[in-house]
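*Asks:* Have a look at this one before I ask anything.
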Amino acid sequence: MTMGMPCILRFAVTTRLLSLLLQALLNTAIPDHKADAFSPPPAENPLFLDPITEVLFGGLGRWDAQHFLFIAERGYVFEHNFAFFPLLPMVLRCVAAGLLWPLSAWLTLHGRLLLAVVLVNSALFVLSAAALYGLSRLVLQDRRLSLLSALLYCLTPANVFLMAAYAESLFAALTFGGLWLLERGSTIKGCLVLGLATGARSNGLVNAGFLLYLPLQRALCQVQKLSRETMVKARCLRYAWIAVHYTVTAAVGVFVIILPFGVFQYYGYKMFCEQPSSTQEPISPILLTLAQVKGYRVPDAASPVPPWCLKPLPLLYSYIQDAYWDVGFLRYFQFKQIPNFLLALPIVTLGSLAAYVYVRADQEYCLWLGLFNRDAKEKEEKPPSGFFSRKVYVYVVHATVLLVSGFFCMHVQVLTRFLGSSSPVMYWITAHLLVSQEPLLMEDHSSASVKDKKEQMPMNHSLFGVVWTRLHQNPITELLNQWGACSFQTHCILGYFLSYWVIGLVLHCNFLPWT
């Protein structure tokens, strides 16, 4: 069986191609729902290839994707556009206006942006799967668990959002890649990559915690080693150097991660709170009409100053979340939202289970915040690996913070894509559960018994089945091929991943509500 990075890359490419194909078929077969969503008028008349592009990839431009495509095409025009961070629109615009410029005679800018979504997010999805595998190898110290985690990511329940014109694929690639660099000790590079992640999504700010924790953990390890030295003066000087180095590293790292958010908020402040510049490009009459009909706010010197401009800390992003989407503590706890809580129940269960299982495994280590080891633990011949590796602690804390804030303060159904693109813990805990509960994956399960069980299952001898088996054989496809022999826990986990993977394509790509 071919394992490792090539196996993951093949599986990631295959699942992405299947997603695109299924999305095109569903978008053609099912009429779009007339949703009350942001839907700006087209900026150009369709060209020759635009109808074909819309049929093939139109499902990737639904719901919030409309905002990203609009910003990439026309910039930040309306106040509520500032809820969507600029890195993805910038990347899409560069690809559409650069790499895809030769198609401008047959495709409008909007059509080229849709095509750019396919190219950019497909490449980023494959890169994020590879980055997750590399990060898992460093943190889990378990090759098999790392492989399973990356393969499960390729079937993520948040699949449609990693494929559509959303920032999830970009954010996942930058977050997993930045954390991989930090774990390797490349603090400067990792910090820069995580700073870019903040330019893609606001929850990139939470990644600043890694720049505080991981350098502190390394500094304390150095202090413990120095405590054995006998020369007091040299030891004190070394302590001072470690303290200064940590302070500078943490301060600069946090600043770099926060900087994109601050610059973006300042741009919004300049646009809406100060006198518009005479050089500012005028807004088209069509968009002004749309703003009047829908009640969208545009920069206008004749209008009253927006209320958020008068606050001591004028944050446009916080105002938009409050005024436009009613995001706030316990605001979503309503009886009519029970279906959305049920949609989020699997990811909430996995996140809660990950924290519970990890804390229960070593309560004292967690009590000391993972910064100090007990003497007994230090004398162990081999430190724990896999999901119970001590390096996993900070990632469990990160995932728990995201889970709690999302559950109590956000629209709860977005937790699936929120955690699925921000934290590796969701894939680590599911891989851990599969390995510990599925007999077909257990340590003592010999290759001979696997072969015997396969021979008992009906085999697909079609050409497609042979090609699939030879090119994409991995632990996940083996479990799917032996579905009847799998345990109940495996049915629940893979059933959740696959059902959300498919249903998300059916609903989201046809303007029906989803997570």
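The values are calculated or read from the model by the stated rules, or taken from the named source; none is laboratory data. In this text the structure is predicted, and so the values were computed from the model without any measurement. Here the Cβ positions follow ideal geometry from the backbone for every residue, glycine too, while neighbour counts run over all protein chains shown.
*Asks:* Only one of 72, 105 is among the small types (Gly, Ala, Ser), within 16 Å of residue 44 (Cα to Cα) and in contact with a Lys or Arg (Cβ under 7 Å, 6 or more places away or on another chain); which?
*Replies:* 72
*Asks:* Still on this model: Which pairs have Cβ atoms under 6 Å, sit 6 or more apart or on different chains, and link a residue in the stretch 326-346 that is touching a residue at least 24 places away in the same chain (Cβ under 8 Å) and under 21 Å from residue 420 (Cα atoms) to one that is hydroxyl-bearing (Ser, Thr, Tyr) and in a loop (DSSP other than H, G, I, E, B)?
*Replies:* If the second residue must be hydroxyl-bearing (Ser, Thr, Tyr) and in a loop (DSSP other than H, G, I, E, B), the pairs left are 343/515.
*Asks:* Any residue in the stretch 123-130 that is within 19 Å of residue 160 (Cα to Cα) and in contact with a His (Cβ under 6 Å, 6 or more places away or on another chain)?
*Replies:* No: zero hits.
*Asks:* Which number in (1) more than 32 Å from the chain's Cα centre (by Cα); (2) over 22 Å from residue 90 (Cβ atoms); (3) not aromatic (Phe, Trp, Tyr) marks the one condition that residue 283 misses?
*Replies:* So residue 283 meets the others, but not (2).
*Asks:* Pairs needed: first member in the stretch 169-190, modelled with pLDDT of 95 or more; second member anywhere, part of a helix (DSSP H, G or I) and hydroxyl-bearing (Ser, Thr, Tyr); C-beta distance under 6 Å; at least 6 residues apart or different chains.
*Replies:* From the stretch 169-190, the pairs are 172/128; 173/128; 176/128.
*Asks:* Identify, from the list 289, 349, the residue that is without any contact (Cβ under 8 Å) to a residue 60 or more places away in the chain and under 30 Å from residue 492 (Cβ atoms).
*Replies:* The match here is 349.
*Asks:* Here is a follow-up. In the stretch 250-288, what residues are modelled with pLDDT of 90 or more and either among the hydroxyl-bearing types (Ser, Thr, Tyr) or assigned to a loop (DSSP other than H, G, I, E, B) (or both)?
*Replies:* If the condition is that a residue be modelled with pLDDT of 90 or more and either among the hydroxyl-bearing types (Ser, Thr, Tyr) or assigned to a loop (DSSP other than H, G, I, E, B) (or both), then 266, 267, 269 are the ones that fit.
*Asks:* Would you check if residue 69 is at negative phi, touching a His at 6+ places or on another chain (Cβ under 9 Å) and modelled with pLDDT of 95 or more?
*Replies:* Yes: the conditions hold for residue 69.
*Asks:* Right, something else. Scan the helices (runs of 4 or more DSSP H) fully inside the stretch 1-93 and keep the ones with 3 or more residues being free of Cβ contacts under 8 Å to residues at least 24 places away in the same chain and over 21 Å from the mean Cα position of the chain (by Cα).
*Replies:* 5-29
*Asks:* Please name all residue pairs, on different chains or six or more residues apart, with Cβ atoms under 6 Å, provided the first residue is in the stretch 237-260 and is surrounded by 13 or more Cβ atoms within 10 Å (Cβ to Cβ) and the second residue is among the hydroxyl-bearing types (Ser, Thr, Tyr).
*Replies:* 257/198; 260/198
*Asks:* Sort out which residues of the stretch 369-387 are outside any loop (DSSP other than H, G, I, E, B), modelled with pLDDT of 65 or more and either touching a Gly at 6+ places or on another chain (Cβ under 8 Å) or not small (Gly, Ala, Ser) (or both), and write them in order of number.
*Replies:* Matches in the stretch 369-387: 387 only.
*Asks:* For the stretch 146-202, which helices (runs of 4 or more DSSP H) that fit wholly inside it have 1 or more residues that are acidic (Asp, Glu)?
*Replies:* Per the criteria, 168-183.
*Asks:* Pick out the one residue from 132, 114, 127 that is in a helix (DSSP H, G or I), in contact with a helix residue (DSSP H, G or I) (Cβ under 7 Å, 6 or more places away or on another chain), among the aliphatic types (A, V, I, L, M) and surrounded by fewer than 20 Cβ atoms within 10 Å (Cβ to Cβ).
*Replies:* 127
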